[in-house]
Amino acid sequence: MATTPTREVARRVFAGEFNDSTYTFKESDDERAPVYVLLPTGERANRVFVVGTLMETEDVGTDSEYWQGQVIDPNGDRFYMYAGQYQPDAAAMLRELEPPAYVAVVGKPRTYETDEGEVNVSIRPESISEVDAATRDRWVVETAERTLERVQAFEADAPDDPDDGATVDEYVAMARQQYDRPVENYRRLVVEALESLEADDELEASADD
Amino acid sequence: MTDLRTHATEIHEQFADQLEVSVDEIEERLDTLVNEYKVPVSEARRSVTNTYLDEAGMERDDLGGGGGNEQVQLADVDAPEEWVDITAKVVELWEPRSDAVAQVGLLGDETGTIKFTKWSKSDLPTLDEGGVYHLRNVVTDEYQGRFSVKLNRTTVVEELDEDIEVGDEDVTVEGALVDIQSGSGLIKRCPEEDCTRVLQNGRCNEHGEVDGEFDLRIKGVLDDGETVHEVLFDREGTEDLTGIALEEAKDMAMDALDTSVVADEMRADVLGRYYRVSGPTFGRYVLVDEMERLSDPADPEAVLIKARSI
């Protein structure tokens, strides 16, 4: 029986961490093997799901339409996404949506190197849909949870203690090797994102008085 | 039922074929030992069992399940070619497709359901739909990851005078709806009797070109960031999920001269939202019986406390 390739899970990641995920790799030599970006907290991502505020849209294409969208997360970091003729539905959404709007985006991480040798990370959207504030808040809490789980797993895998009994996760080891970025930064993103939600609540509460 | 009553019933089952003895008598013997002579229950049971073994002229090895099969619950069947005993209710009988098969259908117990096949040549009594049976010496089988049991020549069928509340194997999954797959929205099904295949370009795989009947469904993907689940909404589920009823969907398609506008409209309404659904599984799909949109404001407090503590 031929095994159907399993669908890649959509990772939850804040823009601050996503934009740091500059290292890409494949798991096999097959030309059609999926490409992963390596999250600095030690997880591979071939798909992401993000919900945030669409701040700007712009057709940056020269010959044909090529839409750029910028979605901001609660920390003020931005996801960049690009949709052209091969992503007609997503391109149509970016053409039609009026920023600011809450959007949910499912897509594939892509990297490209600028002339200055810097690696930029963006999303090639599979779908974009307009959602409400509750969905966005739910995503923030969910993404905080998932990020925190990765941070904890990363820290449990102490590299300087080979005898700590913990099995070294492949992607944690890869992240330690490829990046020199303290995961504490990503824990801080979690705290700040959640605090922003609480601040919103307090604002609403005081507005009710 | 008291503990002693349970033990008495079990002992009674072991000797029902050999001895004229009632559950009450057995319970009385146990009661005397346990409550009057303060014998531990396990010892009392051993003693009473031995008494009846002597009376029946049997050896201890003769007891229970013939070859000493394990009595299993249906949800625990997870390997082919195992000889087991089961107690189950006949949930459904199906039409056998071959003369070699006397009866085929679905058995159920508290833990779930399983397909059964009874061969013609095994010459066993007929099972009635709704009847509850103790089936000793059935053999498990597997086809494409789904398990079944086969009744055979050595199987002992005993009808029980009790009912079983058949459990469903419902699963509950939640996550963001990250994809609606092709074949969703307004579809056409083959109108031939007992054929509900979805038509591809007006053709049924089995019956060729036919006049299809409109239906609604959604094949979607729920993703919680760790695992993905494929979920299938039938017409009712799709109407519930999207608020678009079949008649409305037909009108939409008529106006646009294109059925795909229905799926597009549905995508816009539900993609990227969070849902919790439950229902039985079929292959890799969860067949949605119940769904709930997760629109409560999320509570960040617990995660925040955890994040601050590490």
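In peptide A:95-102, what is the residue-averaged number of other protein chain Cβ atoms found within 10 Å of each Cβ? Intermediate results must be reported in sequence, preceding the final value.
Values: counts 0, 0, 0, 0, 0, 0, 0, 1.
For this peptide, the per-residue mean of nearby foreign Cβ atoms is 0.
What is the Cα convex hull volume of the protein assembly as shown when expressed per residue in Å³? Don't skip to the answer; put the middle values down first.
On the way: hull volume 140.3 nm³, N = 519.
About 270 Å³ per residue, rounded to a whole number.
Identify the trypsin sites (Lys or Arg not before Pro) of the range B:127-171 meeting these criteria: DSSP loop state and at most 10 other C-beta atoms within 10 Å of the C-beta.
Values: sites: B:Arg136, B:Arg146, B:Lys150, B:Arg153; in loops: B:Arg153.
Answer in residue order: B:Arg153.
Could you work out how far the C-alpha centroid of the range B:251-272 sits from that of the range B:276-302, in angstrom?
After rounding, the separation between the Cα centres reads 23 Å.
Go through B:Lys89/B:Lys188; A:Lys108/B:Lys188; B:Lys89/B:Lys121; B:Lys115/B:Lys219 and tell me which ones have a Cα-Cα distance over 28 Å in this structure. It would help to have the intermediate numbers written out before the result.
Numbers: B:Lys89/B:Lys188 36 Å; A:Lys108/B:Lys188 32 Å; B:Lys89/B:Lys121 23 Å; B:Lys115/B:Lys219 26 Å.
From B:Lys89/B:Lys188; A:Lys108/B:Lys188; B:Lys89/B:Lys121; B:Lys115/B:Lys219, over 28 Å: B:Lys89/B:Lys188; A:Lys108/B:Lys188.
If one puts a single equal scatterer on every Cα of the range B:176-309 and applies the Debye formula without solvent, what log₁₀ I(q)/I(0) results at q = 0.15, 0.17, 0.21 Å⁻¹?
Taking Cα atoms of the range B:176-309 as identical point scatterers yields -0.77, -0.95, -1.28.
Over the range B:67-160, with a single point scatterer placed on each C-alpha, what log10 of the ratio I(q)/I(0) does the Debye formula yield at q = 0.11, 0.19, 0.24 1/Å?
Log10 of I(q)/I(0), two decimals: -0.26, -0.83, -1.41.
Straight-line reach from A:Lys26: which aspartates and glutamates fall under 14 Å, measuring Cα to Cα and dropping same-chain residues less than 8 apart?
Reachable aspartates and glutamates: A:Glu8, A:Glu43, A:Glu170.
To the nearest 20 Debye, how big is the dipole of the range B:171-293 about its Cα centre, given +1 on the beta carbon of each Lys and Arg and -1 on that of each Asp and Glu? Write down the numbers at each step before the final one.
On the way: 13 positive and 29 negative charges, 71 e Å.
The calculation lands at about 340 debye.
Per-residue Cβ counts within 10 Å, from other chains only, averaged over A:143-155: what number is that? Display every interim value, and only then the final one.
Working: counts 2, 6, 7, 3, 3, 5, 3, 0, 2, 3, 0, 0, 1.
Shielding by partners across A:143-155 averages 3.
Would you list the P(r) distribution for the range A:87-142, with all Cα-Cα distances sorted into 10 Å bins from 0 and each bin expressed as a whole %?
Values per bin, smallest distances first: 21, 39, 31, 9, 0.
Per-residue Cβ counts within 10 Å, from other chains only, averaged over A:181-194: what number is that?
On the way: counts 0, 0, 0, 1, 0, 0, 3, 1, 1, 7, 4, 1, 4, 10.
Other-chain Cβ atoms within 10 Å of each residue's Cβ, averaged: 2.
Return the single residue from B:Lys38, B:Lys89, B:Lys115 with maximal mean-square fluctuation; model: Gaussian network over chain B, springs between Cα atoms under 10 Å.
Maximum among the listed residues: B:Lys38.
Treating only the Cβ of Lys, Arg, Asp and Glu as charged (+1, +1, -1, -1), what charge dipole size does the protein assembly as shown show about its Cα centre? Round to the nearest 20 debye.
Details: 50 positive and 122 negative charges, 327 e Å.
Its charge dipole is roughly 1560 debye.
Give me the Kirkwood hydrodynamic radius of the range B:3-63 in Å, from all C-alpha pairs, to one decimal place?
11.4 Å
If packing is taken as the average number of other Cβ atoms within 10 Å across a peptide's residues, how do A:180-188, A:100-108, B:226-234 rank, most packed first? Write down the numbers at each step before the final one.
Details: A:180-188: 15.0, A:100-108: 21.4, B:226-234: 18.9.
Those peptides, ordered most packed to least, come out A:100-108, B:226-234, A:180-188.
Taking all pairs of distinct Cα atoms, average 1/r, flip it, and tell me the Kirkwood hydrodynamic radius of the range B:117-212 in Å to one decimal place.
Working: mean 1/r = 0.0545 Å⁻¹.
Across the range B:117-212, the inverse of the average 1/r is 18.3 Å.
Between the range A:37-67 and the range B:130-162, how far is it from one alpha carbon centroid to the other, in angstrom?
The distance from the Cα centre of the range A:37-67 to that of the range B:130-162 comes to 55 Å.
Dimensions of chain A along principal axes (Cα, Å, largest first)?
Here the Cα extents, ordered largest to smallest, are 54, 53, 47 Å.
Send over the semi-axes of chain B's equivalent ellipsoid, whole angstrom and largest first, taken as the square roots of 5 times the C-alpha gyration tensor eigenvalues.
Details: eigenvalues 531, 167, 45 Å².
In descending order the semi-axes read 52, 29, 15 Å.
What's the center-to-center distance, using Cα atoms, between the range B:182-203 and the range A:95-164 in Å?
Using only Cα atoms to place each centre, the spacing works out to 38 Å.
Under 5 Å between amide hydrogens, which residues at least 5 positions from B:Asp289 or on another chain qualify, with H placed 1.01 Å from N in the peptide plane?
Close amide H contacts, sequence-distant or interchain: B:Ser278, B:Gly279.
A short reminder: the numbers here are calculations on the coordinates, not readings from a lab. For clarity, every value in this text was computed on a predicted model and none was experimentally measured. Note that we place each Cβ from the backbone using ideal geometry, even for glycine, and neighbour counts take in every protein chain shown.
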